[in-house]
Amino acid sequence: MSANGKILVIGGGISGISAAADAAELGCEVVLVEKEPYLGGRVIRMNQYFPKLCPPTCGMEINVRRIRQNPRIKVYTLSEVEKISGQAGDYTVTIRVNPRYVTGKQPVTQAHLDAVATEVPNTFNYGMDKTKALFLPHDAAYPPLYVLKKDALTSEESQRLKNASPGGAIDLDMKDERIEVKVGAVIIATGWRPYDAVRLDNLGFGRCVNVITNVMMERLAALSGPTAGKLLRPSDGKEPAKVAFVQCAGSRDENHLPYCSAVCCMGSLKQARYVREKVADSKVTIFYIDIRTIGRFEKFYYDLLEDPNISFIKGKVAKITEDPVTRNPIVEAEEVIPGKKLSEQFDMVVLATGIVPSIMDSPIAGVNLTCDSDGFLVDSPNGGGIFGAGCVKRPLDVSRSVKDATAAVMKAIQIVRR
Amino acid sequence: MASKIGVYICTGYGIGEALNVEQLSSVATKEYKVDVCKTVSSCEADDLDFIKKDITEQGLERAVIAGPSPRFYATGSFPENVIVEFVNLREQVVWCQPANNEDTQMLAEDYLRMGIVKVQKMQPVEAFPESKDIDKTIMVVGGGIAGITAALEAAATGYNTVLIEKSAQLGGWMAKLKKSIPRTPPYEALEDTGIEEKIKQVQSNPKVKIFTSTEIETIKGGPGLFDVTLKGPGAASFRVGAIVQATGWKPFEPKNLDHLGFRKFANVITNVELEEMAKNGRIARKSDGKDAKRVVFVQCAGSRDKAHLSYCSSICCLNSLKQAAYVREQSSEGKAYIIYDNLRAPGHYEYFYKKMQQDPGVFLTKGDVVRVAENADKSLTVDVEKTLLGENISVDADLVVLAVGMVPCSADGEKIRTVKDAKAFLASGEGGPQVDVMKKRIEDIGQHEGTEILNLDYRQGPDLPTLQYGFPDSHFICFPYETRRTGIYTAGAVRAPMDGLGSVEDATGAAFKAIQCVEMLSRGETVLPRAGDRSYPEFFLQRCTQCKRCTEECPFGTLNEDVKGTPLPNPTRCRRCGICLGACPERIINFKNYSVDMIASMIKAVEVPDEDEEKPRVLVLACENDAYPAFDTVGLKRLQYSPFIRVIPVRCLGSVNVIWINESLAKGFDGVLLLGCKYGDDYQCHFIRGSELMNTRGDNVREKLKQMALENERVQLHQIQVSEYEKIPTIIGEFMETIEQVGMNPFKGM
């Protein structure tokens, strides 16, 4: 046995949750650190998973139960790992716990909610709507605790909150806290973020109001999203009857992401089904280079090919502009077969933006992680007791992320049981 | 019932304002005379700490906490050895019903009654007796890259491992490759496979016992207690705890692809044959042994074609790019043409694709290969239509390589069993219309017999059930390792077409799951989806009528049968869904904490008003993982629905015993709503077939309704996803209207 049998998991998305639950069910003590105020990462913001079109909340229900009932897992949300020192089998980890201002000692009541009127952008919905500065992050949030955006409050609101919290439900004086834990091995499951679509200058995101990204589309389709599951375009709240998907928006592009993000084809095909199911008589056009529906996913693709209202155009989109009156995006593309230029108006355009590893966004002091030229973590044989899991290593879909997380636990266990 | 019971009623979250808590408390104190009944101001940390402390101080054996949904609590922190249950007053009473209302109060009181009765009927759970005897050896079937990896990883974690390989050598397909596609940054250069080193490692690992040229004669028992007998030169018998099946793949045989000239023209070969040539030194024309300088690769030869191999084999594009590199390395004059439909180089493999695109000797184009013709000198001409250039082209080639896909080396246990059953039926000499059905069945799927791999001694077949296209894969995106046979995990190309890197990851994870399974079993716990559950079904076999419903319906093949048809339980195979409990007409299958009597008693605890009060009662049996949380979300959203329903969460809709429906109707409930998960091809039931089985039991329900002269509409099943909370008020509203139309149940008060 190493000096310490505990495992640290950084990141509470599907990879991190799976790793934490797997390790704890084997019998290990686990510390799970998540920077958001809730567990679930990117997947909890998805409407449905491909290819079954099942809701992520179903599996999350099981995974959260695995965590809730297991005394071997300690979860820190709103927390970040600041520093790791030591070596395989004996690491000392410093965790910074950021203030939630909601203590969890006493319930948040209607009086608290009434005390706050200020609204903040709802980051869970990628800023497409607003939420009160005192809010539950989402319907099935775990831990089931509110969050307060203290900086957004007016002084009156702060005072009212104080008055409403004699039992200490809300503590505006909460400070960030440092916790030190000793662990034997570390699993980094910090996941990914969508490629910043604003940098795709020619594709009009940020300039054309009805050009959105694929992650936004997931929220627009979700019952728990900003439009309560109605597919409505941003400019006028009308149902888009004609929607284009632009594949490889940034991916497979030397100027942006040279690699293929592996999941965007299936993602857009799935979203094409959202459009077809939610908007009667809608028409969908998918601009692609290659449709990469690997393995059994192929069936999902050829089922869509039978829908006469979905067209596939092989060709790269060169430019998207906006009709100033209708606010319709105008897509200019080079259709490879039969080799002609094309310009067409749509009601809405969805950019299939790719996967960017987020590990380099907030480096951890004390560890020298090996990353490839794109910032993906490379498990090196000399990495000691630190292992990557999921999209931190390469672009992966949910199932492969989970499998990879399970494999990472195996490696971590070998260190802590050494 | 001497257990000391305590009830804690939470008054926070609006509960205290909406309900008469004093009156509610009197249900506990006066009706049920519980030992302790206290109110707490919330169920947040401070109050929960008090409750936990009080449970210990009062020496309670059972406790009921009435407040937020059971899904709210971190139950891992509750005192051990105390049965704690939760009454959902928050999400499913005060948040979805008007405050200070008679019907709301009645709802809360009924839920409290049900909660108290529930803990009264629950018994402490003890681990199944076999948990003391769990063997932790891991057996890996298949000695390719996935199998070797699984064995090495299990051994490195400290577990004794047995590796079984059918052929004489380890290494599988990987050992037949000249090179691997790039797996490490910058993902551009071909790499050594590294398989020789892996083979050496596994052969010299003292924790791994290897059997080559060996197959499995039989596997009896269940996880933790698998008794394996091998056949072959190293025939042996031993016990193992869990199994990783890494039996790999075989190349698709490109039959009926006449237009491609396979087996017709000497120089049309498969990608597997080209690899063999390359590994042995030289890529040459089959016809005359001369160096092949112009090589055309035909992608998706049979793949992605419903007439042949419907799916995409994932790696053929990359493999052809690799083989194009071989052609280019062999000769500076070498030219490779790759004709594809969609070039699939996912993730980092894009770099390799790009690298090959830059090679002037490699020509890539989208197109349809419509014909391969042989010339007088045995060279070939390949006609391609719909190319990227927009025109049809013809390419001359020394060799045409068909990129054929991967077919899993699996056996469909369910089909094999079906064939055997059909044969047994015919052998029995029983006549009737079934004879032709059975004959047809044997004709259709008879070829599966003789394909056995694991040879499991399971009532439901000797191998894992397969999913689509013969892959014994999981159907669960969130739980990709969950096969339908506990303790047996598939890894590598047998479960999905995948590359070597994917196989290594897959095998590492599968080996972990195998280890996790034996460790959990040794603590008396089951694995996913009810991971950690220590309850298990017990059978009161003296009353068994050998109807075989439990042995037939168990989705995990848990139960074997003796010659008479009596179930033979295997608790280590069990996933605790309770489908057997639901299936049993004699009600002799029960868990310590989930029994026919427990739910029936909860139903009986509900106070059903007389007919003239015009307050109907509807029982809702809801899947605890999906429908029940959806009810919670309804509350969170403050949507309202009829106060006349009484919701009981069940482990799975398949665990619903029809007696519960019958008894509720006999008691005067006006209707029963069954809410379970989606079934069909894209089923979402985490116990595979629970809601579907309940639907088929509907016949029994209708029969009973007929006997009672009640209307069929009084019992309905709906499929609902956890995310579809907004449907709940509608479903309930429509059901209440139906009840109004058919009228109140005449059995009230009887």
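The values are calculated or read from the model by the stated rules, or taken from the named source; none is laboratory data. Here the structure is a predicted model, which is why all the values come from computation and not from measurement. Glycine also receives a Cβ, built like all others from the backbone with ideal geometry; neighbour counts cover every protein chain displayed.
Things to note:
- Test for A:F245: is it part of a strand (DSSP E or B), over 24 Å from the mean Cα position of the chain (by Cα) and of a type in the set (F, W, Y): no
- Residue in the range B:523-543 that is more than 9 Å from chain A (Cβ to nearest Cβ), farther than 23 Å from B:C580 by Cα and either out of contact with any Leu (no Cβ under 8 Å at 6 or more places or on another chain) or of a type in the set (A, V, I, L, M, F, W, C) (or both) present: no
- Filter pass, A:G40 being touching a strand residue (DSSP E or B) at 6+ places or on another chain (Cβ under 9 Å) and either more than 9 Å from chain B (Cβ to nearest Cβ) or under 26 Å from A:I170 (Cα atoms) (or both): no
- Taking every residue in the range B:178-196 that is modelled with pLDDT under 95 and pairing it with any residue that is surrounded by 14 or more Cβ atoms within 10 Å (Cβ to Cβ) and small (G, A, S), at least 6 positions away or on another chain, the pairs with Cβ-Cβ distances below 8 Å are B:R183/B:G500.
- Annotation: of all residues in the range B:408-431 being out of contact with any helix residue (DSSP H, G or I) (no Cβ under 6 Å at 6 or more places or on another chain) and small (G, A, S), the one that is nearest to B:E452 (Cα to Cα) is B:A411.
- Residue, nearest to the other protein chains (Cβ to nearest Cβ), within the range A:21-31, restricted to residues that are crowded, with 24+ Cβ neighbours inside 10 Å and without any contact (Cβ under 8 Å) to a residue 60 or more places away in the chain: A:E25
- Screening B:K207 with (1) within 28 Å of B:M520 (Cα to Cα); (2) away from chain A (no Cβ under 14 Å); (3) not acidic (D, E) gives one miss only, at (2).
- Candidates B:T551, B:T526, B:T451, filtered to the one that is farther than 30 Å from A:G13 by Cβ, crowded, with 21+ Cβ neighbours inside 10 Å and of a type outside the set (K, R): B:T551
- On the stretch given as the range B:388-430, residues that are within 30 Å of B:I442 (Cα to Cα) and among the polar types (S, T, N, Q) total 3.
- Of the criteria (1) closer than 21 Å to B:C300 by Cα; (2) more than 14 Å from chain A (Cβ to nearest Cβ); (3) not aliphatic (A, V, I, L, M), which one B:E443 fails: (1)
So that you can scan it fast, the table gives a plain yes or no per residue for (1) under 23 Å from B:D258 (Cβ atoms); (2) touching a strand residue (DSSP E or B) at 6+ places or on another chain (Cβ under 8 Å); (3) not assigned by TED's automatic domain parsing to the domain that holds B:A493; (4) not in a strand (DSSP E or B):
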| position | (1), (2), (3), (4) |
| --- | --- |
| B:C312 | yes, yes, yes, yes |
| B:V327 | no, yes, yes, yes |
| B:I339 | yes, yes, yes, no |
| B:Y351 | no, no, yes, yes |
| B:K378 | yes, no, yes, yes |
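- For the range A:380-393, the condition holds for no residue, the condition being that it is within 9 Å of chain B (Cβ to nearest Cβ) and of a type outside the set (D, E, K, R).
- Neighbours by Cβ (under 7 Å, 6+ apart or cross-chain): first from the range B:516-527, touching a residue at least 24 places away in the same chain (Cβ under 8 Å); second of a type in the set (S, T, Y) and in a helix (DSSP H, G or I): B:L521/B:S131; B:L521/B:T572; B:S522/B:S131; B:R523/B:S131; B:G524/B:S131
- In the range B:45-88, residue farthest from A:P107 (Cα to Cα) [restricted to those that are among the small types (G, A, S) and modelled with pLDDT of 95 or more]: B:G59
- For A:C371, the criteria (1) more than 30 Å from A:T285 (Cβ to Cβ); (2) crowded, with 23+ Cβ neighbours inside 10 Å; (3) within 14 Å of another protein chain (Cβ to nearest Cβ) hold in every case but one, which is (2).
- Considering residues of the range B:656-693 that are more than 30 Å from B:P609 (Cα to Cα) and among the hydrophobic types (A, V, I, L, M, F, W, C) only, the residue farthest from the other protein chains (Cβ to nearest Cβ): B:L693
- Filtered residues of the range A:394-418 (kept if within 15 Å of A:V183 (Cβ to Cβ) and more than 8 Å from chain B (Cβ to nearest Cβ)): A:A408, A:A412, A:I415, A:V416, A:R418
- Restricting the range B:474-495 to residues that are farther than 19 Å from B:Q516 by Cβ and part of a loop (DSSP other than H, G, I, E, B), the residue that is nearest to the other protein chains (Cβ to nearest Cβ): B:I477
- Test result for A:V198, outside any loop (DSSP other than H, G, I, E, B), more than 14 Å from every other protein chain (Cβ to nearest Cβ) and touching a helix residue (DSSP H, G or I) at 6+ places or on another chain (Cβ under 8 Å): no
Residue by residue, here is whether (1) in contact with a Phe, Trp or Tyr (Cβ under 9 Å, 6 or more places away or on another chain); (2) at pLDDT below 95; (3) more than 30 Å from A:L161 (Cβ to Cβ) holds:
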residue	(1), (2), (3)
A:V64	yes, no, no
A:N70	no, no, yes
A:T77	yes, no, no
A:Q87	no, yes, yes
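- Which numbered condition B:L568 fails, given (1) within 14 Å of chain A (Cβ to nearest Cβ); (2) in contact with a strand residue (DSSP E or B) (Cβ under 7 Å, 6 or more places away or on another chain); (3) without any contact (Cβ under 8 Å) to a residue 12 or more places away in the chain: (1)
- Residue match in the range A:257-272 (condition: without any contact (Cβ under 8 Å) to a residue 12 or more places away in the chain and within 14 Å of another protein chain (Cβ to nearest Cβ)): no
- Residues of the range B:695-730 satisfying the condition of being among the β-branched types (V, I, T) and either surrounded by fewer than 20 Cβ atoms within 10 Å (Cβ to Cβ) or in a loop (DSSP other than H, G, I, E, B) (or both): B:T696, B:I720, B:V722, B:T730
- Here the range B:310-346 is the region considered, the condition is being within 9 Å of chain A (Cβ to nearest Cβ) and among the charged types (D, E, K, R), and the residue that is surrounded by the fewest Cβ atoms within 10 Å (Cβ to Cβ) is B:D341.
- The set of residues in the range B:280-290 that are within 14 Å of B:A324 (Cα to Cα) and either in contact with a Leu (Cβ under 9 Å, 6 or more places away or on another chain) or in a strand (DSSP E or B) (or both) comprises B:I283, B:A284.
- Residue in the range B:470-482 that is surrounded by fewer than 20 Cβ atoms within 10 Å (Cβ to Cβ), over 18 Å from A:K299 (Cα atoms) and either in contact with a strand residue (DSSP E or B) (Cβ under 7 Å, 6 or more places away or on another chain) or of a type in the set (S, T, N, Q) (or both) present: no
- Residue match in the range A:280-287 (condition: hydroxyl-bearing (S, T, Y) and either not assigned by TED's automatic domain parsing to the domain that holds A:M348 or not in a loop (DSSP other than H, G, I, E, B) (or both)): yes
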